[in-house]
Amino acid sequence: MKLSRIAAYAWALVLTVALSLTGAGVAAAATQAAGSHYVALGDSYSSGVGAGSYDSASGSCKRSTKAYPALWAAAHSPASFNFTACSGARTSDVTSSQLGPLSSTTDLVSISIGGNDAGFSDVMTSCVLYSESTCLSKVAAARAYVDSTLPGLLDSVYSAIRSKAPNAHVVVIGYPHFYKIGGSCIAGLSDTSRSAINGAADELNTVTAKRAADHGYSFAEVVSGFTGHEICTSSPWLNSVVWTNIGESYHPTAAGQSGAYLPAFTRAA
């Protein structure tokens with residue numbers, strides 16, 4: 001039986017309204033998904049040291065507009081974005097001075113932390129300036145610290161985050177391998193020292209990932225993202241020794257932030 005002209009018109013009107021409401025619902029859902037309240041915590045690998053374009057207001061924390069938190073925020077336009085990561089930060093610095101913006105409305109948190117606690121800056125300085133044996137000794141001491149002491153410090157940070165932001169999805173981000181073993185470097189550290197440093201990064205990532213998982217947090221690894229772009233490759237995404245600005249040594253470049261850290265965080269966020 002054919003619909004009358006009036007009935008057909010009414011039916012079409014109902015369909016139009018229904019489709020409009022559906023479209024509005026989809027748009028609202030998309031807006032809500034993009035409206036995260038995001039807080040970026042952590043050390044220099046999160047603040048963006050080595051990437052340049054630092055926010056002058058961040059002072060010695062050296063927060064870069066090219067760091068992955070700023071890049072993610074620019075791409076997703078969250079309802080709020082607080083960037084408290086700071087160069088040189090240790091676990092105690094996170095708990096004492098970075099957690100202020102966290103609240104029950106925070107729904108996304110990123111953090112990289114632990115490298116400074118383990119003394120990686122001292123490791124790299126010793127490896128560059130002194131003998132291979134000194135380098136290997138420093139690496140061994142750092143790995144021992146990562147195994148014995150760092151887990152408890154990470155637990156304290158992760159518990160503090162959960163206490164202040166109980167509804168947040170927390171993404172813990174790891175560290176890269178620094179060197180391509182057997183790569184293009186013809187001077188500097190021996191491959192033995194380079195392998196030991198990479199191994200220490202693996203140890204740090206393993207411990208960090210385990211502690212993150214035990215707290216129900218996601219872990220975003222970046223080793224694979226930097227593969228082919230380590231120091232001693234033709235297109236490194238990590239600074240080697242920067243004699244004119246030593247603090248930027250062994251940190252991701254802007255390409256490392258956008259090409260490795262940002263994708264890793266985006267997948268886990």
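The values are calculated or read from the model by the stated rules, or taken from the named source; none is laboratory data. These figures come from a predicted structure and were not determined experimentally. When we count neighbours, we look across all protein chains shown, and the Cβ atoms used for this are built from the backbone with ideal geometry, even at glycine.
Results, tabulated for the structure shown:
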| quantity | calculated |
| --- | --- |
| Whichever residue in segment 249-268 is touching a strand residue (DSSP E or B) at 6+ places or on another chain (Cβ under 6 Å) and among the aliphatic types (A, V, I, L, M) and, among such residues, is surrounded by the fewest Cβ atoms within 10 Å (Cβ to Cβ) | A268 |
| Some residue of segment 150-165 being at pLDDT 95 or above, exposed (fewer than 15 other Cβ atoms within 10 Å of the Cβ), more than 20 Å from S218 (Cβ to Cβ) and of a type outside the set (S, T, N, Q) | yes |
| Qualifying residue in segment 107-114 (condition: crowded, with 22+ Cβ neighbours inside 10 Å, in contact with a Cys (Cβ under 8 Å, 6 or more places away or on another chain), among the aliphatic types (A, V, I, L, M) and at pLDDT 95 or above) | no |
| Matching residues, segment 213-248, being touching a strand residue (DSSP E or B) at 6+ places or on another chain (Cβ under 9 Å), polar (S, T, N, Q) and closer than 20 Å to F120 by Cα | N239, S240 |
| Near pairs, Cβ below 8 angstrom, 6+ apart or cross-chain, from segment 90-117 (in the same structural domain as K138 (by TED's automatic domain parsing) and in contact (Cβ under 8 Å) with a residue 60 or more places away in the chain) to any residue that is of a type in the set (K, R) and outside any helix (DSSP H, G or I) | I113/R90; N116/R90 |
| Of residues in segment 41-70 being surrounded by 24 or more Cβ atoms within 10 Å (Cβ to Cβ) and polar (S, T, N, Q), the one farthest from the chain's Cα centre (by Cα) | S64 |
| From Y145, Y217, Y179, residue being closer than 30 Å to D107 by Cβ, at pLDDT 95 or above and aromatic (F, W, Y) | Y217 |
| Given (1) surrounded by 23 or more Cβ atoms within 10 Å (Cβ to Cβ); (2) aliphatic (A, V, I, L, M); (3) in a loop (DSSP other than H, G, I, E, B), index of the condition L102 fails | (1) |
| Residue list for segment 71-96, restricted to those being part of a loop (DSSP other than H, G, I, E, B) and either surrounded by fewer than 21 Cβ atoms within 10 Å (Cβ to Cβ) or in contact with a Ser or Thr (Cβ under 6 Å, 6 or more places away or on another chain) (or both) | S77, P78, A79, A85, C86, S87, G88, R90 |
| For H229: the one exception among (1) loosely packed, with under 15 Cβ neighbours inside 10 Å; (2) touching a Leu at 6+ places or on another chain (Cβ under 9 Å); (3) without any contact (Cβ under 8 Å) to a residue 40 or more places away in the chain; (4) of a type outside the set (F, W, Y) | (1) |
| Any hit, segment 135-149, residues being among the hydroxyl-bearing types (S, T, Y) and touching an Asp or Glu at 6+ places or on another chain (Cβ under 9 Å) | yes |
| Residue, nearest to N239 (Cα to Cα), within segment 122-137, restricted to residues that are free of Cβ contacts under 8 Å to residues at least 24 places away in the same chain and assigned to a helix (DSSP H, G or I) | T125 |
| Odd one out for S121, checked against (1) under 26 Å from D202 (Cα atoms); (2) among the hydroxyl-bearing types (S, T, Y); (3) at pLDDT 95 or above | (3) |
| Cβ pairs under 6 Å, 6+ apart, first in segment 138-162 and free of Cβ contacts under 8 Å to residues at least 40 places away in the same chain and in a helix (DSSP H, G or I), second surrounded by 14 or more Cβ atoms within 10 Å (Cβ to Cβ) and of a type in the set (V, I, T) | K138/V123 |
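Residue-wise test of (1) within 23 Å of A75 (Cβ to Cβ); (2) outside any loop (DSSP other than H, G, I, E, B).
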position: P166; (1), (2): no, no
position: V171; (1), (2): yes, yes
position: I197; (1), (2): no, yes
position: A201; (1), (2): no, yes
position: H229; (1), (2): yes, no
position: F265; (1), (2): yes, yes
